[in-house]
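Colleague: Could you have a look at this structure, given as structure tokens, before my questions?
The values are calculated or read from the model by the stated rules, or taken from the named source; none is laboratory data. Since we're looking at a predicted model, the values are computed, not measured. Here the Cβ positions follow ideal geometry from the backbone for every residue, glycine too, while neighbour counts run over all protein chains shown. Calculation scope for accessible area: heavy atoms of the full protein, side chains included, ligands and nucleic acids excluded. Shrake-Rupley method; radii C 1.70, N 1.55, O 1.52, S 1.80 Å.
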Amino acid sequence: MTSEPLNTIPPGEPVVFTQPLYLSPGEDLVGYISDLAGRFILFMITCASVLAVLLIFGFVIREAVPFITKHGVIDFLTSTSWFPQAEGAKAEFGGLALITGTLYVTIAALFISVPLGLLAAVFLSDIAPFKVRQICKPIIEILAAIPSVAYGFFAVMVLAPWMQKHLGFTTGTNALNASIILSIMALPTIISVAEDSLSAVGRDIREASYSLGATRAETTIKIVIPAAHSGIIAGVVLGMMRAIGETMVVWMASGNASQIPHPWWDLSQSIRTMTATIAGELGETPRDSDHYHALFAVGLLLLVFTFVLNMVSEFFLARFKRRREVTR
Amino acid sequence: MISLSIPSLHNALDEKSIGNMDVDENVAIEQFSVENENAIVRARNFSLFYGHTAGVKDITLDIYSRAVTAIIGPSGCGKSTFLRSINRINDLIPNTHAEGTLEVSGHDVYDKRINLVNLRQQVGMVFQKHNPFAKSIYDNIAYGPRLTGMRKKSELNDLVEECLRGAALWDEVKEDLNRSALALSGGQQQRLCIARALATRPKILLMDEPCSALDPLATARIEGLIEQLKSKYTIIIVTHNMQQAARVSEYTAFFCLGELIEYNRTKKIFTSPQKKQTDDYISGRFG
Amino acid sequence: MSMMLRKITDKSFTGLAGFSVVLIIMALAVVLGPMIWIGATAVVFKGTVEFRELQYDLHQRGDRGRLKSETSEVEKVRKKIYAQIDQFKRGIDTESLVAESRKKYREYKIFLKSQNLPDEQCDKLEDNAKEIRNTLADVYDSTDKDTIIKTLDELFAAYPAKQFEHTPVAEMLAAAHDYQTVARTIDLSNREKYAESLAEVQERLTKLLGPRPGEDKPALIMEQYGATRWDVAQKQLKMILWIEDWEETEPGKPMTKKLTPRSNQFAGTTLESFFKNLETDLPNLLKPQREFYWQYFIDDSTEGYYYGGVGPEIIGTLLFTVMGMLFAVPIGIISASYLVEYAGDNIIVRTIRICVNTLAGVPSIVFGLFGLVFFVKVLMPALGYESKPCILTGSMTLAILILPVIIRASEEAIRSVPLTYKEASLALGAGKFRTLVKVTLPAALPGILTGIILSLSRAAGETAPLLFAGAIAVGPIPESILEPSRVLSYGSYDIAVGDRYASMVPHKQFGMVVTLIMLVLCLNIVAFVIRSRVSRNLRGQ
Ligand SMILES: Nc1ncnc2c1ncn2[C@@H]1O[C@H](COP(=O)(O)OP(=O)(O)O)[C@@H](O)[C@H]1O
Ligand SMILES: [Mg+2]
């Protein structure tokens, strides 16, 4: 065992690295600083979204505060009399009917869209053959693409006259009309998120259930949907957010009567939502009047609603993602 | 002692006759870390960690200039990790850190002062999956030179031709250099990637399983190309394919589980491996 | 048995799931179908000669010579219709008949003077004329049918029209003759009622055929022409032929419509046949002909959206969205690049992500509020401009709205660029930034583009954010970005709910909203094509 060098190639001309492999201190400094500066600029630009959120909250709160300090929150949240245009002290700003109006249409819309959306998601993820899914998904995407004002237009011009004529309602623009349209609008969101989470439930779990003799319905209802429930809830919450935040449809289709329906289940009566109130009244309100600030208080309430819901959906989506990573 | 399970390996060894460099076949070497003028890459107890797990551990090895060095071993043993440390492409992966030293031409590549641009331009790399940019053939090759500020059309034209010839692709593509690189066949794309790597005039060429995605014919062409290139460049090639290692390389390093098991002249490794693991691996008993 | 039940449950579950998808697709068809069907008639319809006249008058479109010959043909037919009305009117409108005979008498006096006749003959003729005038005045005043007819017969016998040929008196007598004919058929005591009904018929006829030639041009363009479209013409015709009444069948229930033929009002009179004639002659009166009115997409509309198109609305929509994109796209792509390529996973980056998601969840009307208080009330004065909603403020509001959409889409696109691309670039000595600009972003471009187009379509459809930040329903075409503009989305709202006249032109209402839908769908289809191209390319590699 000799320890002769491995390499016996004659040295020849040595390999020369023509460009220096080490940085000079100057280059090092410049490189470091420019890298830092570049990063900083990119970071600042990225912070535009943060800035936007802060500005939105800040300015809406700023404009809402004069109302809250003057009229307080209690009346705003408990009284149903909304007479903002009355003279001076007679003006009343009771937002309860607006809040219930929003809840009415949102909940009624969810009653339609959640079962329908969930069934459709199950169909797309578990039942439909590839080809059918390939056709159905873009069609459902079209539903999401149609502008809300077009839905509102349909509600006023087509659905409302139809309801008046065939269902015998006194007015075609009512809570039911708005709810139906909102449910159609919330469907794509619910379907796509629910379908994602259903597909994410592994094949193996399904196969395990089938191998125990369960039918597809039993597998889906007892195994797959429970396993995907975080994602499904997130989808429902997102759909709900879309319904709460929707303006044009409810403005055009809900009839805009600031009242709580009586009897409470009668959806054929007109109601008015928070969004529609802002949309309908802010244009004619003098800047910096009480009414103006009251509308911003409504806006703030909306913002808080959606912010909380957003956090809820984030929570469920995060849980859904965590689960998926664990099962993988 | 000689236990070659793969018949063609004999042929490879016979035909290529690694001995064309007057190597005494009977010299056995235990120590890999012999100080040598010609060692262009020098690793000393080099380890690279992904987070807390080591991709390679404690590698000590010299790689010699103007020769082809093959790195073989079962998958997941750290071949790519070691190769990608030489030009620090591993930096892309978050949470990596290195221990020990890894020198290129006497410069520690994990030194803070290293000029990454110059290092990477002079240590070219060819990847497992041919990955030309979605640009024209010409622009693919001109990408590197343009980075260093080469703008003159005539210089670029010359360089592109030289590199394409160097990668044995010129005759096939000279008609239309403005064609999209993605329109080429897999083998052509890989040769284009080699040409692209040559365009920055590297001293070392790292190849990470350059033929694993290619058919045998294309593989043969690439191997022929490596044969041509080795007089000018130092080539380090990772390969899965032991016949390939035997065919193209002068030196072979055998990695297993992140460690260097054996490093020797290729002929020695394939004819008389010193370690049982190496023997098992090349005779196909595991891997 | 329970096996049976389980099987049935399973089958019905499958069926239900499939049915729900069918239901959703049907909902889409129900929403889009009628709207597109009616909306398309804004562009493709049967236009009448009035339409072609309008097009020529306002935009010099069409062939002048052909239009001339067409109008003269139509005029001939219309003359007959008008004559019938005029004759009947003579019998009804006695006040104007009296006034007319007075006028004719004066004219006759002037005529006599110009004739240079001997004085006594002149006096005699003048007396005769006076006699006729006075008799006629009495006749026109009377409501007794028999006396009228008798007196007139005597008058005609005493003064044969021949005697006064080519003089105003002849015209006076002719009018009296018409009056006699009409008086025979109607109940003279109901003259006022007839006059009322006739006025309504005339008013509606103006809507159908436009103002009569020679009449003064009304100020509003919508009143200067008759029915420009065959479907409108038929509707107008129906309003002439039938009287609509709303009556309450049951208390509390909505009222129901009742139709009675208008000709009943004129039963037994010379005008009774008028309605039938009008109905049969309508094609000759209006000469309907298929039109492809593509200029709908470039024309401005007249008052109340009555005529014209949606050109300014389309331009406004494009202005708002494209300018919004100019703000949002660079920021969005840079943010996405930073989040993917530079940012690690720390508290700051997580905050940024939460903010992006929050921004995506803010209701669109709140963006409107924000646009008003920040851009209009704070930013514009700070920049030295007037504090009023305009295209600039609106597009900035839209920019914030779509920023999260663009960030998310770009993030996904950049993330899906294969690592080997970046490695290849880095291995050639490119820096991180250069790799991003030269390799990663170009490779991610199709995905980013898809995101941009989708957010373009989203922005084009948004209404609520623009309500207080730059969109208006009526107004001139903006001359700079410091003025508000009309947009398709707000226009769709206004034309459906806000505008009184628009309800008379449903094709315009639906046309507007269908234009918006089509714009949005086209953008979506483009995005879809790019996306499938890319995925095919990726699979092909
Ligand atoms: N990006 C990475 N993150 C974490 N571990 C990695 C990563 N890449 C490789 N490894 C680990 O490092 C070891 C060596 O991998 P690699 O060098 O790719 O092996 P080879 O190329 O020999 O197949 C493997 O155990 C692998 O799991
Ligand atoms: Mg590897």
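To keep it simple, each residue is scored yes or no on (1) more than 21 Å from B:I194 (Cα to Cα); (2) touching a residue at least 12 places away in the same chain (Cβ under 8 Å); (3) more than 9 Å from chain C (Cβ to nearest Cβ).
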site	(1), (2), (3)
B:L102	yes, yes, yes
B:K112	yes, no, yes
B:N118	no, no, no
B:Q122	no, yes, no
B:Y138	no, yes, yes
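Colleague: Keeping to segment B:83-103, report how many residues are among the charged types (D, E, K, R) and under 13 Å from B:V56 (Cα atoms).
Modeller: Final tally of qualifying residues: 2.
Colleague: Select, from A:I61, A:I56, A:I45, the only residue that is surrounded by 15 or more Cβ atoms within 10 Å (Cβ to Cβ), in contact (Cβ under 8 Å) with a residue 24 or more places away in the chain and facing another protein chain (nearest Cβ under 7 Å).
Modeller: From the options A:I61, A:I56, A:I45, the qualifying one is A:I56.
Colleague: In segment B:62-77, which residue that is open to solvent by 10 Å² or more (accessible area, probe 1.4 Å) and within 11 Å of ligand 2 (Cβ to nearest atom) is nearest to B:Q277 (Cα to Cα)?
Modeller: Here the residue is B:P74.
Colleague: Further question: What about A:L159, is it assigned to a helix (DSSP H, G or I), within 29 Å of A:N174 (Cβ to Cβ), of a type in the set (A, V, I, L, M, F, W, C) and facing chain C (nearest Cβ under 7 Å)?
Modeller: Considered against the rule, which asks whether it is assigned to a helix (DSSP H, G or I), within 29 Å of A:N174 (Cβ to Cβ), of a type in the set (A, V, I, L, M, F, W, C) and facing chain C (nearest Cβ under 7 Å), A:L159 comes out as no.
Colleague: For the structure I just gave you, tell me whether C:I81 is in contact (Cβ under 8 Å) with a residue 60 or more places away in the chain, of a type outside the set (D, E, K, R) and in contact with a helix residue (DSSP H, G or I) (Cβ under 6 Å, 6 or more places away or on another chain).
Modeller: The answer is no for C:I81.
Colleague: Quick one: count up the residues across segment C:284-317 that are open to solvent by 10 Å² or more (accessible area, probe 1.4 Å), farther than 15 Å from C:I472 by Cα and in a helix (DSSP H, G or I).
Modeller: Total satisfying the criteria: 4.
Colleague: Would you please name the residue that is farthest from ligand 2 (Cβ to nearest atom), looking only at residues in segment B:50-61 that are in a strand (DSSP E or B) and open to solvent by 40 Å² or more (accessible area, probe 1.4 Å)?
Modeller: In this case the residue turns out to be B:D58.
Colleague: What single numbered condition from (1) without any contact (Cβ under 8 Å) to a residue 24 or more places away in the chain; (2) within 14 Å of another protein chain (Cβ to nearest Cβ); (3) away from ligand 1 (no atom under 16 Å from the Cβ); (4) among the acidic types (D, E) fails to hold for B:E250?
Modeller: Among (1) without any contact (Cβ under 8 Å) to a residue 24 or more places away in the chain; (2) within 14 Å of another protein chain (Cβ to nearest Cβ); (3) away from ligand 1 (no atom under 16 Å from the Cβ); (4) among the acidic types (D, E), B:E250 violates only (1).
Colleague: For segment C:335-350, give me each residue that is assigned to a helix (DSSP H, G or I) and either buried (at least 20 other Cβ atoms within 10 Å of the Cβ) or more than 7 Å from chain A (Cβ to nearest Cβ) (or both).
Modeller: C:S335, C:A336, C:S337, C:Y338, C:L339, C:V340, C:E341, C:I347, C:I348, C:V349, C:R350, listed by residue number.
Colleague: Take C:T450 and decide whether it is assigned to a helix (DSSP H, G or I), away from chain A (no Cβ under 11 Å), at pLDDT below 90 and open to solvent by less than 20 Å² (accessible area, probe 1.4 Å).
Modeller: Here the answer is yes, as C:T450 does meet what is asked.
Colleague: Within 20 Å of the chain's Cα centre (by Cα) and either assigned to a helix (DSSP H, G or I) or of a type in the set (D, E) (or both): does that describe A:I135?
Modeller: No.
Colleague: For segment B:78-106, what are the residues that are surrounded by 20 or more Cβ atoms within 10 Å (Cβ to Cβ) and more than 16 Å from ligand 2 (Cβ to nearest atom)?
Modeller: B:R88, B:L102, B:E103, B:V104, B:S105
Colleague: Let me ask something else. Can you pull out the residues in segment A:116-130 that are within 14 Å of chain C (Cβ to nearest Cβ), part of a helix (DSSP H, G or I) and either more than 20 Å from A:L309 (Cβ to Cβ) or open to solvent by less than 10 Å² (accessible area, probe 1.4 Å) (or both)?
Modeller: Passing the criteria: A:L116, A:G117, A:L119, A:A120, A:A121, A:V122, A:F123, A:L124, A:S125, A:D126, A:I127.
For (1) part of a loop (DSSP other than H, G, I, E, B); (2) within 14 Å of chain A (Cβ to nearest Cβ); (3) under 30 Å from B:I86 (Cβ atoms); (4) of a type in the set (S, T, Y), each residue gets a yes or a no:
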residue: C:T397; (1), (2), (3), (4): no, yes, no, yes
residue: C:L401; (1), (2), (3), (4): no, yes, no, no
residue: C:P404; (1), (2), (3), (4): no, yes, no, no
residue: C:V417; (1), (2), (3), (4): yes, no, yes, no
residue: C:K422; (1), (2), (3), (4): no, no, yes, no
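Colleague: Another question, if that's okay. Considering only segment C:524-538, I want to know if a residue exists there that is in a loop (DSSP other than H, G, I, E, B) and on the phi < 0 side of the Ramachandran plot.
Modeller: No, the conditions are met nowhere in segment C:524-538.
Colleague: Check A:V237 against each of (1) touching a Phe, Trp or Tyr at 6+ places or on another chain (Cβ under 9 Å); (2) modelled with pLDDT under 90 and name the one condition it does not meet.
Modeller: Going through (1) touching a Phe, Trp or Tyr at 6+ places or on another chain (Cβ under 9 Å); (2) modelled with pLDDT under 90 one by one, A:V237 breaks only (2).
Colleague: Are there any pairs, at least 6 apart or on different chains, whose C-beta atoms fall under 6 Å, with the first in segment B:73-94 and in a helix (DSSP H, G or I) and the second more than 12 Å from ligand 2 (Cβ to nearest atom) and acidic (D, E), and if so, which?
Modeller: B:I89/C:E423
Colleague: Within segment C:469-497, which residues are open to solvent by 50 Å² or more (accessible area, probe 1.4 Å) and either under 23 Å from A:V250 (Cβ atoms) or touching a Gly at 6+ places or on another chain (Cβ under 6 Å) (or both)?
Modeller: C:V497
Colleague: Does any residue in segment A:312-325 that is open to solvent by 100 Å² or more (accessible area, probe 1.4 Å) come within less than 8 Å, Cβ to Cβ, of a residue that is in a helix (DSSP H, G or I) and of a type outside the set (A, V, I, L, M, F, W, C) six or more places away or on a different chain, and which pairs are these?
Modeller: If the second residue must be in a helix (DSSP H, G or I) and of a type outside the set (A, V, I, L, M, F, W, C), the pairs left are A:R323/A:S230.
Colleague: Inspect all residues belonging to segment A:271-282 and state whether any of them is at negative phi, among the hydrophobic types (A, V, I, L, M, F, W, C), facing another protein chain (nearest Cβ under 8 Å) and surrounded by 24 or more Cβ atoms within 10 Å (Cβ to Cβ).
Modeller: The answer is yes, given that some residue of segment A:271-282 is at negative phi, among the hydrophobic types (A, V, I, L, M, F, W, C), facing another protein chain (nearest Cβ under 8 Å) and surrounded by 24 or more Cβ atoms within 10 Å (Cβ to Cβ).
Colleague: Quick check on segment A:283-311: of everything there that is assigned to a loop (DSSP other than H, G, I, E, B) and open to solvent by 50 Å² or more (accessible area, probe 1.4 Å), which residue is nearest to the other protein chains (Cβ to nearest Cβ)?
Modeller: So, considering only residues that are assigned to a loop (DSSP other than H, G, I, E, B) and open to solvent by 50 Å² or more (accessible area, probe 1.4 Å), the one nearest to the other protein chains (Cβ to nearest Cβ) is A:R287.
Colleague: In segment A:225-253, which residues are among the hydroxyl-bearing types (S, T, Y) and either more than 12 Å from chain C (Cβ to nearest Cβ) or surrounded by fewer than 23 Cβ atoms within 10 Å (Cβ to Cβ) (or both)?
Modeller: Answer for segment A:225-253, where residues must be among the hydroxyl-bearing types (S, T, Y) and either more than 12 Å from chain C (Cβ to nearest Cβ) or surrounded by fewer than 23 Cβ atoms within 10 Å (Cβ to Cβ) (or both): just A:S230.
Colleague: Checking A:N177 against (1) under 30 Å from C:T515 (Cβ atoms); (2) facing chain C (nearest Cβ under 8 Å): exactly one of these is not met. Which one?
Modeller: Here A:N177 meets the rest and fails (2).
Colleague: Could you identify the single residue in C:F367, C:F374 that is at the interface with another protein chain (Cβ under 7 Å from one of its Cβ atoms), touching a Ser or Thr at 6+ places or on another chain (Cβ under 9 Å) and assigned to a helix (DSSP H, G or I)?
Modeller: Going through C:F367, C:F374 in turn, just one is at the interface with another protein chain (Cβ under 7 Å from one of its Cβ atoms), touching a Ser or Thr at 6+ places or on another chain (Cβ under 9 Å) and assigned to a helix (DSSP H, G or I): C:F374.
Colleague: Another question, if that's okay. Looking at the structure I just gave you, is C:V362 of a type in the set (A, V, I, L, M), surrounded by 18 or more Cβ atoms within 10 Å (Cβ to Cβ) and either in contact with a Gly (Cβ under 8 Å, 6 or more places away or on another chain) or more than 10 Å from every other protein chain (Cβ to nearest Cβ) (or both)?
Modeller: Answer is yes for this residue.
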